[in-house]
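Just below is one structure, and these are the notes that go with it.
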Amino acid sequence: MRQALDPILKINNLQTHFFTKAGILKAVDGVSFEIGAGEIVGLVGESGSGKSITGFSVMGLVDPPGKIIDGSINFKGQDLSALSNNEMQGFRGNRIAMIFQDPMMTLNPVLRIETQMIEAIQAHDGSISREDARIRSRDTLGLVGISSPDERLRAYPHQFSGGMRQRVSIAIAMLNRPDLIIADEPTTALDVTIQGQVISEMQKLCRETQTALLWITHDLAVVAGIADRVCVMYAGRIVEQGLVANIIANPMHPYTQGLMGSVPSQNRRGKPLQQINGMVPSMLNLPAGCAFQNRCNYANEKCSKMQPDITQLADRRQVRCFNVPAGQQV
Amino acid sequence: MGASANKQSFDLPASGLRKFWLDFSESPTAVIALFVFLTILFIAIFAPWVSPSNPYDLTSVDIMNSRLPPGSEDFSGNFYILGTDGAGRDMLSAIFYGLRVSLGVGALSGLVALILGASIGLSAAYFGGRFETIMMRIVDIQLSFPSILMALIILAAFGKGVEKTIIALILVQWAYYARAARASALVEKNKEYVEAAHCLALGNRRIILSHIAPNCMAPLIVVGTLQTAHAISLEATLSFLGLGLPITEPSLGLLIGNGFEYMYSGDFWISIFPGVALLITIVSINLVGDQLRDMFNPRLQK
Amino acid sequence: MTAFILRRSLQSIVVLFIMSLIVFVGVNLVGDPVDMLINPEADQAEIDRVIRDLGLDRPVSEQYWYFVLNAFQGDLGRSFIFGEPALKLIVQRMPATMELALVSLLMAVVFGIPLGIYAGLKPTSKISKTIMAGSILGFSMPTFWVGIILIMFFSVHLGWLPSTGRGDVATYFGVTSSAFTLDGLSHIFLPAFNLALFKLSSVIRLARAGTREVILQDYIKFARAKGLAESRVVRIHLLKNIMIPVITIIGLEFGSLIAFSTVTETVFAWPGMGKLIIDSIYNLDRPVVVAYLMIIVVIFVMLNLIVDILYSVLDPRVRIKGVS
């Protein structure tokens, strides 16, 4: 069991809002969590929960009309949210790297792989020669399990299969040996058979290189296999976080319970699949009180009036719910 | 409880014309352009009544008044706000009459080209098969040649004159309409109401005309406005080159062409003012067409 | 790839034949050259002799057959007006037109692409709105009218640049062009700019549309996520992707530049093919008209072919077969 290490990333009350014509969309509304060096943390939530925006906020890649309006993103002592774009460029692809969801669209179709890899190296190290950068690229391709890397470097993205392309993206992320990799649904667009491979290989890679990993996904099952800790997000807030084993064994927040229940493997044959009733509320029109109330089996009057605060529990466990069993509070 | 959480505002769709105007007036430039164009249209239609004089009435034109600069008066007390041309005709009146011809030719050729091209395009999309392939190949080949070249070929073959110019313009334009009509008809063809019409055993012609065609009107109107501007421009170019309309029916292009030689001696107004009128006409139509296109473009819907 | 080229070439030849037929038959309906060229006082014998010489007495199909035969040998008839072989006349004037078209294309591309990219990257800025408004204007103004305005302003009014004719030529690397001399440049500037203006607005619109589409793509975001400087993202990632559609359209537009040069050459009295064809249509000089149209059709068909091939070369997805 991993000890609580010094966190390399500490996000505190992050608020990223989108100022649209239709209103203010609070995509990320007070998110706080930490990632320790070499730790693998999962960020789970359905579409529209704000999980991807959280990742983009760390990278400073939130597109207008979105803006980080409050909170701090502390990375090894520096507050990233206060940096200018130029200063952030120094971190991106260097100390913090990102992997995107759709490998088809992530790589530029008209540039060779080696161009796209060498430029990532040379952007952060002006003194390195092209040949040295090429060698490093080739070695990193080998690291992610791509055979005949020399030939592959000269190829174009469309000559690779989906799984291979994602490995290339992973390789690019690893080129400058970052401290943290943010992976935004990296296996969602892949074939199921490839998914398992990529997941386990990423886990192995991160453990070996002591790289911290933030794995953003909607699939709780994936996170269960790879992460040390997990944060569950709903409507822009983290509703539960803690050690993976604890959460899987004993989900406390009604949403987490619903997520666990709706995983097909958790259901028994022949019985109807469990679902969470209702739909995610429109982010422009969140109800007063808890955002989950209209789908929650335990909702009472208190839930419709106020938003629950974080309840701190043992083992770095946090839950945001009025109905958490009283006996387990710290 | 859930209902209030999911509250969204639904506007009842405003009546067709009102909604059209609301969307259209989102661009103030387009609205101004529309008014300008309507003014020009008015002038063109009512030219004989709106002009100070009839420049083609030989009895009212005196060669002694030729090449008077703008703002001058002649011996009979006539005021020439835009000056006179080489034969003594009032420029303002000449421009008004010229607008009439330019717009008339442009609109007529556009309309016929629309009907012709749309019919072919709709039929091609509806019937498919070899007919469609052949027609569309012809359209593609024709569209790969610039319009001025097509017009030159046709005029070189058939000679000059009003009817021949109009025919040339029609032959140049129909392809654009055909292509637009076919594209939108293909989309409509696969929609359910066409299947429903089939099930009712309605005749082909009825299905095409009453059902599919109305839904294709929007893109055709956009093409129509832009093409009309193009046709007016093309006709002006041809007339300027001396290959289009004859002197008896002077369009703006011909006026510009006739005035060209006077420019070198400094009498710029004979050429420039008709040019400005032409420009305003074309720009206003283009602006309106642009706004229409943005309005009907599904990718830009909010 | 070779099969592709072969197929397109075959199609092009078919188009050529059809167009030649249209051109020939069509032009044969023009006026009556007999009246044009023969002295009305001439007696019947004289008229007959001329008719026989020019081959006007044979049936149309036979005339067409000889036409095609001669065309293959490079003989496209003899000008009624000049008495010279039509082909020779056109070829003599081709360099002037090509030169004009190329300089125009260069202007349109060199100015158009950066302006379009800027308008695409910052669509709400004042400069962008001005650029777009300007492009609508450029698109609407008929070429001949712009030419007139240019002449009026720069030649008559300001006297900076000459308004007619072609300047001195010089030869470098076997290429003779007036663009190589200062005098030549001063003569070519206005007409080239005139021709370019129309193309400029479509290049700007194309570049802008392409930029707006590409900038939203994931690979641009990924490039930024790698920490690349924005200038590199635009210069390499963006540019290479919008170049493909832009270049193909520009290639096709080159053909329309040649076509529109008919207007510009007339306005600026530029001694190219365009002026020749306008004069010939006016004078009913049939052989020259036919020869010009045939050559233009050949140029166009070849252009289309080249552009098709260019497209497949530029886009590696088409050139190299992919996996999925």
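Nothing in this text is a laboratory measurement; each read-out follows from the coordinates by a stated rule. What you are looking at is a predicted structure, and each value in this text was computed from that prediction instead of being measured. Note that we place each Cβ from the backbone using ideal geometry, even for glycine, and neighbour counts take in every protein chain shown.
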Shielding of C:134-147 by partner chains, average beta-carbon count, 10 Å | 6
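Where nothing but the Cβ of Lys and Arg (+1) and of Asp and Glu (-1) is charged, how large is the charge dipole of the protein assembly as shown around its Cα centre, in debye to the nearest 20? Each step should come with its number before you reach the end.
Working: 78 positive and 74 negative charges, 795 e Å.
So the magnitude is around 3820 debye.
In deg cm²/dmol and to the nearest 500, what is the mean residue ellipticity at 222 nm of the protein assembly as shown if only DSSP H runs of at least 4 residues count, each as -39500 (n - 2.57), divided by the residue total?
Working: 37 runs with 536 residues, N = 956.
Here the helix-only value at 222 nm equals -18000 deg cm²/dmol.
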Mind checking region B:75-138 for chymotrypsin sites (Phe, Trp or Tyr not before Pro) that DSSP puts in a loop (not H, G, I, E or B) and that have at most 12 other Cβ atoms within 10 Å?
-> B:Phe75
Counting only residues 5 or more places away or on other chains, whose amide H sits under 5 Å from the amide H of A:Met98 once H atoms are built in the peptide plane?
-> A:Gly93, A:Ile182
So the compactness index of the protein assembly as shown, its C-alpha Rg divided by 2.2 N^0.38 Å, takes the value 1.19
Would you mind classifying region A:46-200 by shape? Square roots of the alpha carbon gyration tensor eigenvalues, ordered a ≥ b ≥ c; an a/c under 1.5 is rounded, otherwise it is prolate if a/b is larger than b/c and oblate if not.
-> oblate
Tabulate in residue order the Karplus-calculated ³J(HN,Hα) for region B:287-295, using 6.51 cos²θ - 1.76 cosθ + 1.60 with θ = phi - 60°, rounded to whole Hz; enter x for Gly and Pro.
-> 5, 4, x, 4, 5, 4, 5, 4, 5
Peptide ranges B:181-188, A:61-68, C:181-188 listed from the most packed, as the mean C-beta count within 10 angstrom indicates | B:181-188, C:181-188, A:61-68
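Under the definition of partner shielding as Cβ atoms of other protein chains within 10 Å of a residue Cβ, what is the mean value for peptide B:141-154?
Mean partner-chain Cβ count within 10 Å for B:141-154: 6.
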At most 13 other Cβ within 10 Å, DSSP loop - trypsin sites (Lys or Arg not before Pro), region A:3-52 | A:Lys21
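Once you keep just the Cα pairs under 8 angstrom separated by 6 or more residues, what percentage relative contact order results for region A:107-175?
It rounds to 45 percent for region A:107-175.
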Over region A:107-175: Rg over Rh, Cα atoms, Kirkwood Rh = 0.93
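Is the C-alpha gyration tensor of chain A telling us rounded, prolate or oblate? Criteria: a/c under 1.5 is rounded; beyond that, a/b larger than b/c is prolate, otherwise oblate.
It comes out prolate by the Cα gyration axes.
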Rounded to whole Hz, the Karplus (6.51, -1.76, 1.60) HN-Hα couplings of region B:212-222, x for glycine and proline = 6, 4, x, 7, 9, 4, 4, x, 5, 5, 4
Taking the dipole of the protein assembly as shown about the Cα centre (Lys, Arg +1; Asp, Glu -1; charges at Cβ), the one of C:Pro142, B:Ser66, C:Leu228 that reaches farthest to the positive side is C:Leu228
How many nm is it between the label spots at C:Leu158 and C:Ser186, if each spot is 7 Å from the Cα in line with the beta carbon?
-> 1.4
Cα convex hull of region C:86-314: mean projected area in nm², to one decimal?
-> 14.9
Count, for each residue of C:214-223, the Cβ atoms from other chains sitting within 10 Å of its Cβ, then give me the mean as a whole number.
-> 6
Region B:101-302: percent of C-alpha pairs farther apart than 32 Å?
-> 26
Count the DSSP beta bridges whose two residues both fall in the protein assembly as shown, then state the antiparallel fraction as a percent rounded to the nearest 5.
-> 70
Which trypsin sites (Lys or Arg not before Pro) does region C:89-170 hold that lie in a coil by DSSP with at most 15 other beta carbons within 10 Å?
-> none
Ordered by packing density, taken as the mean number of other Cβ atoms within 10 Å over each peptide's residues, highest first, how do B:251-257, A:155-161, B:228-234, B:161-167 rank?
-> B:251-257, B:228-234, A:155-161, B:161-167
Once Lys and Arg get +1 and Asp and Glu get -1 on their Cβ, which of A:Leu9, B:Gly88, B:Gln291 lies farthest toward the positive end of the dipole of the protein assembly as shown?
-> A:Leu9
Segments C:108-115, C:130-137 sorted - mean Cβ within 10 Å per residue, highest first | C:108-115, C:130-137
Selected from B:Ile154, B:Ala125, B:Trp174, residue furthest toward positive end of dipole (region B:68-221; charges at beta carbon) = B:Ala125
Hey, how many Å between the Cα centroid of region C:178-209 and the Cα centroid of region A:143-191?
-> 45
Using the alpha-carbon centroid of each, what span in Å lies between region C:127-167 and region B:105-175?
-> 31
Could you tell me whether region C:206-324 comes out rounded, prolate or oblate from its Cα gyration tensor? Rule is a ≥ b ≥ c as square roots of the eigenvalues, rounded for a/c under 1.5, then prolate if a/b exceeds b/c, otherwise oblate.
-> prolate
